[in-house]
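Here the structure is laid out as structure tokens; the discussion comes afterwards.
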Amino acid sequence: MTTDTMTELDVLMPMHLELDSGGGIVSAGRILRRILAGRRFEDCFLIDRMPADATAMTALMQRIARGERLFLRLRDDPAITLRGQGQLRGDGALMNFGFGIALARAVRALGLSDADFAPSDMAMEFLFLHEANQAVMGELARANRRLEEAREVAQTLAITDPLTGLMNRRGFEAALDLAARNATATPFALVQLDLDLFKQVNDLHGHGAGDEVLRHVARVLRHETRATDRLGRSGGDEFLLLLINPPCAGDLQNLAKRIIRRIEEPIAAAGVECRVSASMGISLSRDYKIADPVRMLADADTALYAAKEQGRGRATLSVPQV
């Protein structure tokens, strides 16, 4: 091959490669020369899907003779694939390649620019479209994440009491239904708690003081229960507790007394000292053949009013009718 011919090939086909019959490099375009960096063909490339019993040159020549497409992988970076076609030329072969789907990676890895490609090659246009597509996909992914986060926040808000941060009635009932379905394996206690003397706080000191009292009660409940338990405010001064794997009746009564004692501590609210107490009614899933949430809520409510009739500031265990 003359020097003029090699120059012409370099201008028109910067990704061409000509090999002799022994695999020696006769000519290579400027992009291929950057990959080869003075090395031999076999030291730089792997022939994709090459038969185990064939040499690299034999497999390459056979594919060219059959008119098949050629696929080469860079040994230094197998993720970069060259695809192309060739023609037999005397005892050797002349081939021309492109990067295909590996274009973006190859441009970054080899430091290529538009000037390195043939003027007729749409490589940079495809790269621009690829980068634009990646940018759009990235923005869509970020938008989807924001939507998912907003959905999760909305779902949380939908089951949360905004004043105390506890579950609202809807959220608590969902947790109770789930606990009831698993009650055979995991027993639970259902507690209804109603504040005593709360109306006086609202009447004497206003709703701002009443709201602070409710937040104080929520803090007490969080402190005295476990992470596995569920807490809710069903409305007004009424709270609900779902205690998973509760202790024995005696220890449960002690827990209730401790909660009531903490609630009865003086509360600084709206510049005044407020005092309230609490009454509690408790039903236990193990007292039922089938843990029915509706019945357990009714029995806990009955036990709550029994506690109030006994003088308030008390906790009463329900006695289900068999």
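The values are calculated or read from the model by the stated rules, or taken from the named source; none is laboratory data. From a predicted model like this one, the values you see are computed outputs, not experimental measurements. Counting neighbours? That spans all protein chains shown, and the Cβs are built from the backbone with ideal geometry, glycine included.
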Test: R73 is under 30 Å from Q134 (Cα atoms), touching a residue at least 24 places away in the same chain (Cβ under 8 Å) and in contact with a strand residue (DSSP E or B) (Cβ under 9 Å, 6 or more places away or on another chain): yes
Condition met for D177 (assigned by TED's automatic domain parsing to the domain that holds Y305, at pLDDT 85 or above, surrounded by fewer than 15 Cβ atoms within 10 Å (Cβ to Cβ) and touching a helix residue (DSSP H, G or I) at 6+ places or on another chain (Cβ under 9 Å)): yes
Meets criteria (of a type outside the set (D, E, K, R) and within 48 Å of the chain's Cα centre (by Cα)) for I25: no
Hits in the range 274-290 - residues which are among the β-branched types (V, I, T) and in a strand (DSSP E or B): I282
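For the range 187-205, enumerate the residues that are of a type in the set (D, E, K, R) and either outside the structural domain of G271 (by TED's automatic domain parsing) or in contact with a Lys or Arg (Cβ under 8 Å, 6 or more places away or on another chain) (or both). Reasoning before the result, please.
Just the residues of the range 187-205 that are of a type in the set (D, E, K, R), to begin with: 194, 196, 199, 203.
Those that are of a type in the set (D, E, K, R) and either outside the structural domain of G271 (by TED's automatic domain parsing) or in contact with a Lys or Arg (Cβ under 8 Å, 6 or more places away or on another chain) (or both): D194, D196.
Restricting to the range 194-215, and then to whatever is out of contact with any Cys (no Cβ under 8 Å at 6 or more places or on another chain) and buried (at least 20 other Cβ atoms within 10 Å of the Cβ), can you tell me which residue is farthest from I267 (Cα to Cα)?
At the first step, the residues of the range 194-215 found to be out of contact with any Cys (no Cβ under 8 Å at 6 or more places or on another chain) are 194-200, 202-204, 206-208, 210-211, 214-215.
Those still in the list that are buried (at least 20 other Cβ atoms within 10 Å of the Cβ) too: 194-196, 198, 210, 214.
On the way: D194: 17, L195: 14, D196: 14, F198: 12, G210: 10, L214: 10 Å.
Among them, the one singled out is D194.
Would you mind stating whether E139 is modelled with pLDDT of 80 or more and either outside any helix (DSSP H, G or I) or polar (S, T, N, Q) (or both)?
Details: modelled with pLDDT of 80 or more: yes; either outside any helix (DSSP H, G or I) or polar (S, T, N, Q) (or both): no.
Criteria not met by E139.
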Total residues in the range 291-322, condition in a loop (DSSP other than H, G, I, E, B), in contact (Cβ under 8 Å) with a residue 12 or more places away in the chain and either under 18 Å from L195 (Cβ atoms) or in contact with a Cys (Cβ under 8 Å, 6 or more places away or on another chain) (or both): 3
Number of the condition not met by R262 [criteria: (1) at pLDDT 95 or above; (2) more than 13 Å from A189 (Cβ to Cβ); (3) touching a Phe, Trp or Tyr at 6+ places or on another chain (Cβ under 9 Å)]: (3)
Any chance R83 is in a strand (DSSP E or B) and under 20 Å from D114 (Cα atoms): yes
Test: residue in the range 48-68 that is closer than 22 Å to A106 by Cα, in contact (Cβ under 8 Å) with a residue 24 or more places away in the chain, aliphatic (A, V, I, L, M) and buried (at least 18 other Cβ atoms within 10 Å of the Cβ): no
Number of the condition not met by D114 [criteria: (1) outside the structural domain of G232 (by TED's automatic domain parsing); (2) over 35 Å from the mean Cα position of the chain (by Cα); (3) modelled with pLDDT of 80 or more]: (3)
